[in-house]
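Colleague: I have a structure here, written as structure tokens, and I will follow up with some questions on it.
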Amino acid sequence: MRNFTYAAPRNVAEAVRLAGQPGARFIAGGTDLLNLMRDGAQSHGAIIDINGLALGDIVQRNGVIRIGALARMSDVAAHPAVRRSLPVVSEALLNSASPQVRNMAAVGGNVLQRTRCGYFRDSGTTCNKKTPGTGCPALEGENRGHAILGGSDHCLAVHPSDLAVALLAVDAVVLTDRRRFPFADLHVVPGTTPDQETVLGHGELITGFEIPVTPLAARSRYLKLRDRATFEFAVVSVAAALAMRGNTVRDVRLTFGGVATKPWRSPEAEDALRGKPLTTTTITEAGRALVRGAVTRDHNAFKVDLVQRALDGLLRDLGGAR
Amino acid sequence: MTVGQPVERVDGRAKVTGAARYAADRTLPGMLYCHLVMGTIARGRVTAVDTTAARAVPGVVEVFTHENAPRLTSEQHFMPLQGNQIHYNGQIVAITVATTLEQAQEAAELVRVTYAPETPKAVIADALAEVYLPANQEVIVGDPAAGLAAAEVTVKQNYSSPPHHHNPIEPHATVAQWDGDRLTVHETTQGVVNAQRTFATAFAIPQTNVRVLAPYLGGGFGCKSPVWPHSLLNAAIARQLGRPAKMVLARSQMYSIVSHRAEFWQQLTLGAKRDGTLTALVHVSTQQLSRTSENMYSHSISSRMLYACPNIHTRQQGVRLDVPTSRFMRSPQMASHFGLETALDELSYELGVDPVELRRRNYTDVNPTTGERFSSRFLLECYNLGADAFGWSRRNPKPGSTKDGHEFVGWGMATEAHDHSASPSSAMVRMAADGTVLSQTATQDIGTGTYTVFTQVVAEALGVPLNQVKVELADTNFPAAALSAGSGTIASVTGAVNAAASAVRTAVVQLAVSNPASPLHGLPAEQIITQHGYLFSPDRSRRESYRAVMARHGSPVQNTSTMTNARGYSTGAVFVEVRVDPRYGRVRVTRGVGAYDAGRVMNRKTARSQMIGGFTWGIGNALMEHTVLDRRTARVVNPNLSTYLLAVNADVPDIQAIFVDKPDPVSTALGARGFGETPITGVPAAIGNAIFHATGRRIRDLPFTQDKLLRELLTQ
Ligand SMILES: Cc1cc2nc3c(=O)[nH]c(=O)nc-3n(C[C@H](O)[C@H](O)[C@H](O)COP(=O)(O)OP(=O)(O)OC[C@H]3O[C@@H](n4cnc5c(N)ncnc54)[C@H](O)[C@@H]3O)c2cc1C
Ligand code: SF4
């Protein structure tokens, strides 16, 4: 690890000012940042410790749940308002990492964690995300874990956050020191600039998330499939929120993890269900719509099937399809 | 009686409170920190190393490359930094030395290495034309061709398993300090005596000039049995720079310089009569070898030792690839055992014979390869005990016959077997004038329970309470004893510990009966009973404490004994239940029962821990564990514990361990045999067999991940 400077600002303005220096990085729980620093996957200069900022609250007011960026994963998962009104958020968090990591890690850091692509995390390997223009060894390499959606010829890395998939399904809004915008706009696909993962400017601080409390969000669930029972990132995951009117799907959100380069929402899959009854036929159609644009590589083609199976299983559990 | 009891670990408290000091915990005055720079190509040459930026980091004392590194040779291993050749990815290409760890690490990142790379070969599939048979790797018993011709049923199948890395939780660490030409090393080693020899040879100094200590080890599993080149380099650097030096490996570095289990391909051909008796067993395996060594570490021992079969052929082929040299890994027999026990399961379905019954019908009391009789063997009892505890008789043999909700339920089993090593070992036992007892021997406790078991052995031999006994291990100043590898620690060293303790007892009893001041004076020594810290007359009417005898004697009583033991073979049977969710290809192991013949059980708790550990690792091996190599670069893609998956608690069901617990009559270890590696050998096959029973689908390539299972389920 290279040497760095350290500062612990007391308020948001100071934090943002310090973060303007080149190479500056915020540190929240440090559960990802420190690994990236040790692995040499990301350059760093000044480390700005934001844990002294008052951004840890979780409050419900006027039909909106506001989660501070520094709220710990474990606290958010256990919060009664979250569990009641946003079950998918709680479930996604409880399916993330381990209790120890969840006690350390903050939700702001979580949605900005970086990919687990083994090439990216290996300082001895080239990678477009790490060093633009050096090539992507995953394209023809070990890509079992890589994306089938949203990839490019420059990068196929999966966005690893479970929470982000859930926040996308409940129409969250991102709050930063300078603006607010839909969570759906936070992450970007790699295209030709895989080093660019979000729309945040350098030194822009996420202060929290706002999530409207709706009947749709209250009927939401998360299904995560992986190679061991727990303490692993998703091979594929699905977040679904479903509002029914009788037999008919009144509204639906379908978002996916493990399969895409960013937290992935599929309007096509949602359209295949909205206003229709929840049947084997419509669920199958939704799954097909989801993977219509999928691009597979040597080792990840199984995800095309697996993600449809996950969607099918989750919708049946959630909606009682017949 | 304390031997056999489930005594708590005597070192447990020190470990959980942090009082136990491991090699990496050693910090010496003036110590330098060494950090490794690992190469990024698998084959070719280093053409230049630029150390300018690294040397400019404050605190950096030296940067070693192949051009200026201390000259060293190793009999056992390829020694890096002696030339510019690269033989595997992740080879040591430079070492930074600084006054703090952080400085050494920062400097390591700044070393710039330029290579002339060549195209490597990483996996067996890419070098099939280069498969060959190294010397002495073929065993033929009887007439296998005739045996196959006489078979009424034949099963011929291919199986494969990936490379694995040992991943003990404690990374390798070494701290070297020179005093003139005397060297002290705190080393993460499974064998201090072996390490002492290696250091002495490398530096051409007498073995007695080297002291190696490893009082605590956070697991080894084989990757800490040899002294690796990095430790020799660290000691050489300490000598050259005239200061103590420390080197601790990062987790990722443990994926290239401390060995692994080789990728393994195998073909099993079983010929049998209709009743299931084997007529031929042909086992052809291929494992990856390195460019620098043709040593093999995965052996088809089960095929040669486990079942009655008159015609056996094992052929252990290799293929040389641009990968590091592999090594024994708990258990080195499991790769080949997976093939054998899966093939037997396949045969059982071909024949319509229950898998347990098929194994019973091929049971043998004699080693089929040598014709020698096993000293004791209760494997049939293991089948019975295990099957009863599991409820095997209720099994519907038809695959896919049991469903519970979405899940198919399957039951599978396998025999477990591993032979253990035994090497001559010595131990010292001394009773001090205050009656307390110290035992010292230069074997190790690598996390398995040696401290605890030897405390029990000494306490029982003397007849004193456990808390009166202190055991010290893993210091070459102690009497030489066995390497903790090949499941051999208890089997090798217990006899010497017991003999030394018994000799001390005899001497103290003699002190009592021969002294008129003792209440036991004049009694025949051989009739004295020793218990609870006292010496009793045969009718227990008179007694005197050890403490009193020793106080009167005024000086310690000590004995050092040496003992040899025979190698042995511990076997068992493991039964598992799995649930397979066909929607997602997801497998859960929901029940496990193992029954074992390990000779006498010295401590039911530590033995059970070995079984649970083996079973748990077996789950990981079956369902997830594998090292992923990039085929183009021969570089490990998952060198960390977040992507190299091992079973976690949530993957592990309730596990039941049953022991026959009958002493092996030839074992000098109070009837105990080595056991540590036995209870992992059969687990992957048992799980695969259970998956077949659940679904009717057979996967022959480890691990059984969702993608493979889905592929099988989709091709119904
Ligand atoms: C072993 C392991 C297993 C894991 N498994 C999972 C899993 O299954 N699912 C999952 O979703 N995650 C998993 N994770 C990832 C974990 O959830 C993240 O590391 C964690 O959420 C990051 O939060 P943090 O507070 O530690 O962030 P940090 O490491 O402190 O920061 C992460 C990044 O976010 C930036 N940052 C932090 N806060 C802010 C802010 N307020 N504004 C702007 N930038 C900010 C930092 O500069 C840094 O770039 C795992 C991690 C580990 C170590
Ligand atoms: S997939 Fe992306 S992160 Fe992975 S190696 Fe390619 S460019 Fe790098």
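Nothing in this text is a laboratory measurement; each read-out follows from the coordinates by a stated rule. Not measured: the values here are computed from a predicted model. All Cβ positions, even for glycine, are placed from backbone atoms using ideal geometry, and neighbour counts span all protein chains on display.
Colleague: So how far apart, in nm, are the two label points at A:Val64 and A:Thr198 if each is 7 Å from Cα heading toward Cβ?
Modeller: Result: 1.9 nm between the two label points.
Colleague: Let me ask something else. Among B:Ala195, B:Leu183, B:Ala135, whose Cα sits farthest toward the positive end of the charge dipole of the range B:132-225 (+1 at Cβ of Lys/Arg, -1 at Cβ of Asp/Glu, about the Cα centre)?
Modeller: Going by the Cα projections, it comes out as B:Leu183.
Colleague: Restricting to DSSP H runs of at least four residues, report the calculated mean residue ellipticity at 222 nm for the protein assembly as shown, -39500 (n - 2.57) per run over all residues, nearest 500 deg cm²/dmol.
Modeller: -8000 deg cm²/dmol
Colleague: Give me the percent relative contact order of chain A, please, defined on Cα pairs under 8 angstrom at least 6 residues apart. List each step's numbers first, then the result.
Modeller: Details: 755 pairs, mean separation 55.2, N = 322.
Contact order relative to length: 17 percent.
Colleague: Considering only DSSP beta bridges where both residues belong to the protein assembly as shown, give the percentage that are antiparallel (nearest 5).
Modeller: Numbers: 136 of 172 bridges.
Within the protein assembly as shown, antiparallel bridges account for around 80 percent of the total.
Colleague: In whole Hz and in residue order, list the ³J(HN,Hα) couplings for the range B:653-660 that follow from phi through the Karplus curve 6.51 cos²θ - 1.76 cosθ + 1.60, θ = phi - 60°; x for Gly and Pro.
Modeller: x, 5, 10, 10, 10, 10, 10, 5
Colleague: Right, something else. Rounded to the nearest Å, what's the spacing between the alpha carbon centres of the range A:193-210 and the range B:78-140? Just the number, please.
Modeller: 39 Å
Colleague: So if R0 is 51 Å, what FRET efficiency would B:Glu118 and B:Arg540 give, r being the distance between their Cβ atoms, rounded to the nearest 0.05?
Modeller: On the way: r = 79 Å, r/R0 = 1.56.
With a Förster radius of 51 Å, E is 0.05.
Colleague: Follow-up. Can you give the Rg to Rh ratio for the protein assembly as shown, taking only C-alpha atoms and Rh from Kirkwood? Walk me through the numbers before you get to the answer.
Modeller: Details: Rg = 31.2 Å, Rh = 31.3 Å.
Here the Rg-to-Rh quotient is 1.00.
Colleague: Normalised by the residues of the range A:221-319, what does the relative contact order come to in percent, with Cα pairs under 8 Å and at least six apart?
Modeller: This gives 26 percent for the range A:221-319.
Colleague: Here is a further query. Can you report the principal axis dimensions of chain A using only the alpha carbons, biggest first, rounded to whole angstrom?
Modeller: Reported extents, whole Å, longest axis first: 60, 50, 33.
Colleague: Magnitude of the Cβ-charge dipole of the range A:221-319, K/R +1 and D/E -1, about the Cα centre, nearest 20 debye? Each step should come with its number before you reach the end.
Modeller: On the way: 17 positive and 11 negative charges, 39 e Å.
Dipole magnitude for the range A:221-319 comes out near 180 debye.
Colleague: A follow-up question, please. With charges only on Cβ, +1 for K and R and -1 for D and E, what is the dipole size of the protein assembly as shown about its Cα centre, in debye, rounded to 20?
Modeller: On the way: 105 positive and 89 negative charges, 294 e Å.
The dipole magnitude comes to about 1400 debye.
Colleague: B:Ala204 to B:Asn295: extension gain in nm, 0.36 nm per residue of separation minus the Cα-Cα distance? It would help to have the intermediate numbers written out before the result.
Modeller: Numbers: separation 91, 0.36 × 91 = 32.76 nm, distance 2.51 nm.
Roughly 30.2 nm would be gained on extension.
Colleague: When Lys and Arg each count +1 and Asp and Glu each count -1, what net charge do the other residues less than 14 Å away from B:Val131, Cβ to Cβ, add up to? Please report the intermediate quantities before stating the final value.
Modeller: On the way: positive: B:Lys121, B:Arg315, B:Arg320; negative: B:Asp126, B:Glu130, B:Glu138, B:Glu263, B:Glu294.
Neighbour charge sum, excluding B:Val131 itself: -2.
Colleague: Tell me the Kirkwood radius of the range A:221-319: reciprocal of the mean inverse pair distance over distinct alpha-carbon atoms, in Å.
Modeller: Result for the range A:221-319, one decimal place: 13.6 Å.
Colleague: Output the relative contact order of chain B, whole-number percent, from Cα pairs under 8 angstrom with separation of 6+ residues. Don't skip to the answer; put the middle values down first.
Modeller: Working: 1880 pairs, mean separation 116.5, N = 716.
Contact order relative to length: 16 percent.
Colleague: Now for a separate question. For chain B, which DSSP H helices look membrane-span-like by this rule: Cα extent along the axis of 30 Å or more and mean Kyte-Doolittle of at least 0.0?
Modeller: Details: long enough: B:489-513 (36 Å, 1.29).
Helices passing the filter in chain B: B:489-513.
Colleague: Moving on to the next point. Over the range B:229-287, what number does the Rg to Rh ratio reach, with both radii from the alpha-carbon atoms and Rh per Kirkwood? Working shown, then result.
Modeller: Values: Rg = 23.6 Å, Rh = 16.1 Å.
Taking Rh as the inverse mean 1/r over Cα pairs, Rg/Rh reads 1.47.
Colleague: How would you classify the range B:273-396 from its alpha-carbon gyration tensor, with a ≥ b ≥ c the square roots of the eigenvalues: rounded for a/c under 1.5, else prolate if a/b is greater than b/c, otherwise oblate?
Modeller: Working: a/c = 2.00, a/b = 1.88, b/c = 1.06.
It comes out prolate by the Cα gyration axes.
Colleague: For the range A:221-319, build the charge dipole from Cβ charges (+1 Lys, Arg; -1 Asp, Glu) around the Cα centre, then report which of A:Val249, A:Ala260, A:Thr281 sits farthest towards its positive end.
Modeller: Projecting each Cα onto the dipole axis, the largest value belongs to A:Val249.
Colleague: Right, here's the next one. Applying 1/(1 + (r/R0)^6) with R0 = 22 Å to the Cβ-Cβ distance of B:Glu472 and B:Thr17, what FRET efficiency is obtained, to the nearest 0.05?
Modeller: On the way: r = 19 Å, r/R0 = 0.85.
Efficiency, from the Cβ-Cβ distance: 0.70.
Colleague: Between the range B:615-671 and the range A:32-91, how far is it from one alpha carbon centroid to the other, in angstrom?
Modeller: 35 Å
Colleague: Would you work out which of B:Gly495, B:His532, B:Phe478 lies farthest towards the positive end of the dipole of the range B:423-563? Charges go on Cβ: Lys and Arg +1, Asp and Glu -1.
Modeller: Positive-most Cα among the choices belongs to B:His532.
Colleague: Would you mind classifying chain B by shape? Square roots of the alpha carbon gyration tensor eigenvalues, ordered a ≥ b ≥ c; an a/c under 1.5 is rounded, otherwise it is prolate if a/b is larger than b/c and oblate if not.
Modeller: oblate
Colleague: State, in angstrom, two size descriptors of the range B:423-563 derived from its alpha carbons: Rg to one decimal place and Dmax to the nearest whole number.
Modeller: 15.4, 50
Colleague: Using alpha carbon centroids, what distance separates the range B:396-434 and the range B:550-595, in Å?
Modeller: 7 Å
Colleague: Also, quick follow-up: To the nearest 20 debye, what is the magnitude of the charge dipole of the range B:219-370 about its Cα centre, counting +1 on the Cβ of each Lys and Arg and -1 on the Cβ of each Asp and Glu?
Modeller: Values: 17 positive and 11 negative charges, 193 e Å.
Using only the charged Cβ atoms, the result is roughly 920 debye.
Colleague: Suppose R0 equals 41 Å; then what is the FRET efficiency for B:Leu128 and B:Ala149 from their Cβ-Cβ distance, rounded to the nearest 0.05?
Modeller: Taking R0 as 41 Å, the efficiency between B:Leu128 and B:Ala149 is 0.90.
Colleague: Same structure, new question: Based only on Cα atoms, what mean projected area does the convex hull of the range B:423-494 have, in nm²?
Modeller: Numbers: hull surface 18.2 nm².
Its Cα hull, projected and averaged over all orientations, spans 4.6 nm².
Colleague: Report ³J(HN,Hα) in whole Hz for each residue of the range B:161-169, in order, from the Karplus equation J = 6.51 cos²θ - 1.76 cosθ + 1.60 where θ = phi - 60°; Gly and Pro get x.
Modeller: Once rounded to whole Hz, the list reads 9, x, x, 10, 10, 4, 6, x, 5.
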